[in-house]
1. Sort through Q112, Q154, Q119 and tell me the only one that's without any contact (Cβ under 8 Å) to a residue 40 or more places away in the chain and surrounded by fewer than 17 Cβ atoms within 10 Å (Cβ to Cβ).
2. State all residues of region 457-475 that are of a type outside the set (S, T, N, Q), buried (at least 16 other Cβ atoms within 10 Å of the Cβ) and not in a loop (DSSP other than H, G, I, E, B); if no residue qualifies, say none.
3. Just need a number here: residues in region 581-607 that are polar (S, T, N, Q) and open to solvent by 80 Å² or more (accessible area, probe 1.4 Å).
4. Name the one entry in L522, L516, L506 that is under 28 Å from K444 (Cβ atoms), in contact (Cβ under 8 Å) with a residue 12 or more places away in the chain and hydrophobic (A, V, I, L, M, F, W, C).
5. Enumerate the pairs (first residue in region 161-176 and surrounded by 16 or more Cβ atoms within 10 Å (Cβ to Cβ); second residue anywhere and at pLDDT below 85) with beta-carbon separation below 8 Å, excluding pairs fewer than 6 apart on the same chain, so at least 6 apart or on different chains.
6. Would you check if there is a residue in region 556-569 being crowded, with 18+ Cβ neighbours inside 10 Å, in contact with a Cys (Cβ under 6 Å, 6 or more places away or on another chain) and assigned to a strand (DSSP E or B)?
7. Which ranges mark the strands (runs of 3 or more DSSP E) fully within region 409-453 that have 1 or more residues being open to solvent by 40 Å² or more (accessible area, probe 1.4 Å) and polar (S, T, N, Q)?
Amino acid sequence: MEAVIGLFVMLLGVSHSVETYCDGRQDGAQCYGPLGGTVVLQLMTKASERHKYQWFNKNTLILEGRRNIVLSNQLENRSSFTASDGTFRINKLSRTDGGEYRLISFDSHGTQSENRALQLTIQAPVSSVLLVPECLSLGEMKVSCSSEGAESPQYSWTLDDHALTHSELLSGNTDTNSITLKQHVSGKLVCSVKNKVSSVSTEVKISTCGVETYCDGRQDGAQCYGPLGGTVVLQLMTKASAAHKYQLLNKNTVILEGRRNNILSNKLENRSSFTASDGTFRINKLNRTDGGEYRLIIFDSDGTQSENRALQLTIQAPVSSVLLVPECLSLGEMKVSCSSEGAESPQYSWTLDDHALTHSELLSGNTDTNSITLKQHVSGKLVCSVKNKVSSVSTEVKISTCGVETYCDGRQDGAQCYGPLGGTVVLQLMTKASATHKYQLLNKNTVILEGRMNIVLSNKLENRSSFTASNGTFRINKLSRTDGGEYRLITFDSEGTQSEKRALQLSIQAPVSSVLLVPECLSLGEMKVSCSSEGAESPQYSWTLDDHALTHSELLSGNTDTNSITLKQHVSGKLVCSVKNKVSSVSTEVKISTCGFIFIDCTPPNGTHISQWVFAANNTLCIEPTTAPTTITATPAGKESGITVSINPSNNITSSNKTVTHPSEDSWDFILKDYLTITAGVLAALVLLLVVGIAVVCSQKKKKKNKPKEEDDQELTYADVKIMQRPGRQMQQRAGPEVEYGEVMFSERPRQSVRPAEDECVYAKVRKGR
């Protein structure tokens, strides 16, 4: 009955090395560390503030230091203390690391200045989460969420990224590991499991449990199918309002009767419904007795029968699930069986990488049967689809060739070949057998293969090997250690004379079965990454970062041909470790980010130069000033905008694309003069404005020299200089005269008793204010 389609799992938040952080600077802090992982304990703000300190675990001194100097560390093989931020990092946590830790500090006189404790609890993290949905008898869905390894797990659920509501939840709380959903619920269901040291989520795409089919029964003799336990929708008429009276009979029993839009009776009303507007009759929870002939009789207004037609309903069990089982055969072929649970009259179809299987891929079996055999080279996404009249379900499996396979050209004497333990080796013995009258292949003086041209006379390994005469290759499957050693090929001509004798050496190696990457943050923010390969003999390692080879600027220590490297603090990206030997090659990748350290390089006011890596979250060094710059705006008269000069706390004057360092910010008059001096473009503009102004004034005076009674003269306004300071640090002005720029403008003034010479121009006067 279970019709859950598209099951898939996605793990979120899993890392190879779980790490937790705890602030232990308050007495009685409760901290948690992941079993097998890392905990970072904040013991103090910085060690340089403490003359002497001792840290105990269960009355055993494990760390002792004086300011920034660590005198002893009992856990130095798997821990580190960072004096600059006062953090103690413990790696590879075990149960014995749990318990009470006590920090005792002493002042310069040896007097105890502080004594505080923290409690460390070790918990096993969540390693994986499994979701199992199950359809119940009435179409509800029970979903169980199981977490592997976690101690004290806490559960939470979401559906399509929102919390489950009462309209969706039939029973169970969203903080338990099992819930029951109502019949209509479908979508992306996520179960999240967390404890004090980890959090992992998994999701499943769920659909409703009931299978539903539709059938148009408006034609006499219609053949309909309904799913056992599910729903069928029968289209009896276009709309009931057009029928004066109607009856639906099943095996001569009236089960539905109505007049236009009014239903007079429904024998199946506890599990069926009739919709008058579209003439459909829905029957739920179908059973075998619901099958058979249904007959619809319609009457007109005078009671005369106007229509009498029948439909046949067949009940079928739907496909509830599909299971794919691949099996490697002796010669490297793959037999795949597809079994469907519950389905009646199932029909099968197969695809490989979204295309129909071809003769070049299919060794035996038809693609409409439940079992096929694939040729040795075939790999990819194999899908089996099972359907019948009431349902259709598909499942897929990622298949690869049966075991690791290697190839070796043995046509040269002394060839060195390698075969994978448990896998397959293809030995090229000759170009084609038809050119050789007779041949024998010996292993340790035993003839294991003998033939004449294209005919194989004997094969001692026929249960797990094959010889292809057309290309002269000998394939040995399920290799064991005893298959290794020297192989000799002897050929004979038509007269029985030996024409060739050559040997090859076959070595059997265990292939790489899996690769595991484990990143670990070190005390100063470096990252050590270990690459372990399971099973491989004579493994060779190589590394890449974001698809390029690691460089000296990224690598702190270790060679890129070893299984362990240490990366510098700034390195992040996609790190790939590749492991290979003579018979196999496997790669794995991990997305790494920095360990949270930043590099600072500055000289604070006390004059001590600081150049080091620090943990960003606890950094109190080299903090950038937040004082806003002071701005001077000079606006020529009659203009809408002017020139803005910004002076920041570092005595830098910035305008447009120029920055000038000034020795002092105290004297505003000197700064403005200096700025106008160095800004040649601005100065040129002001000079040009001055010349034009002089010309205008002189021109006006020439025109007015014969008009002595004129009431007023005009002066040219050169500029209006304003000084503004943004909120921030107050400027301290230097004692001494203050330059008053003021305004020079056209203004009315009393008529002079003695006029200047006719060609004399009045510019302006600059006054010094005290």
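The values are calculated or read from the model by the stated rules, or taken from the named source; none is laboratory data. Note that this is a predicted model, so its numbers are computed, not measured. In this analysis, Cβ positions are derived from the backbone assuming ideal geometry, glycine residues included, and neighbour counts consider all displayed protein chains. Note: areas computed on protein heavy atoms with side chains; ligands, DNA, RNA excluded. Shrake-Rupley method; radii C 1.70, N 1.55, O 1.52, S 1.80 Å.
1. Q112
2. Once the filter is applied, which keeps residues that are of a type outside the set (S, T, N, Q), buried (at least 16 other Cβ atoms within 10 Å of the Cβ) and not in a loop (DSSP other than H, G, I, E, B), region 457-475 yields F467, F474, R475.
3. Looking only at that region, the number is 3.
4. Values: L522 fails: under 28 Å from K444 (Cβ atoms); L516 fails: under 28 Å from K444 (Cβ atoms).
After ruling out the rest, the residue left standing is L506.
5. L164/T174; E168/K182; E168/V185; L169/K182; L170/E140; L170/K182
6. Within region 556-569, none of the residues are crowded, with 18+ Cβ neighbours inside 10 Å, in contact with a Cys (Cβ under 6 Å, 6 or more places away or on another chain) and assigned to a strand (DSSP E or B).
7. Values: elements: 415-420, 424-428, 438-443, 446-452.
Per the criteria, 415-420, 446-452.
Matching residues to (1) in contact with a Ser or Thr (Cβ under 8 Å, 6 or more places away or on another chain); (2) at pLDDT below 95; (3) part of a strand (DSSP E or B):
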residue	(1), (2), (3)
M1	yes, yes, no
V4	yes, yes, no
L7	no, yes, no
M10	yes, yes, no
T20	yes, yes, yes
Q30	yes, no, yes
F56	no, no, yes
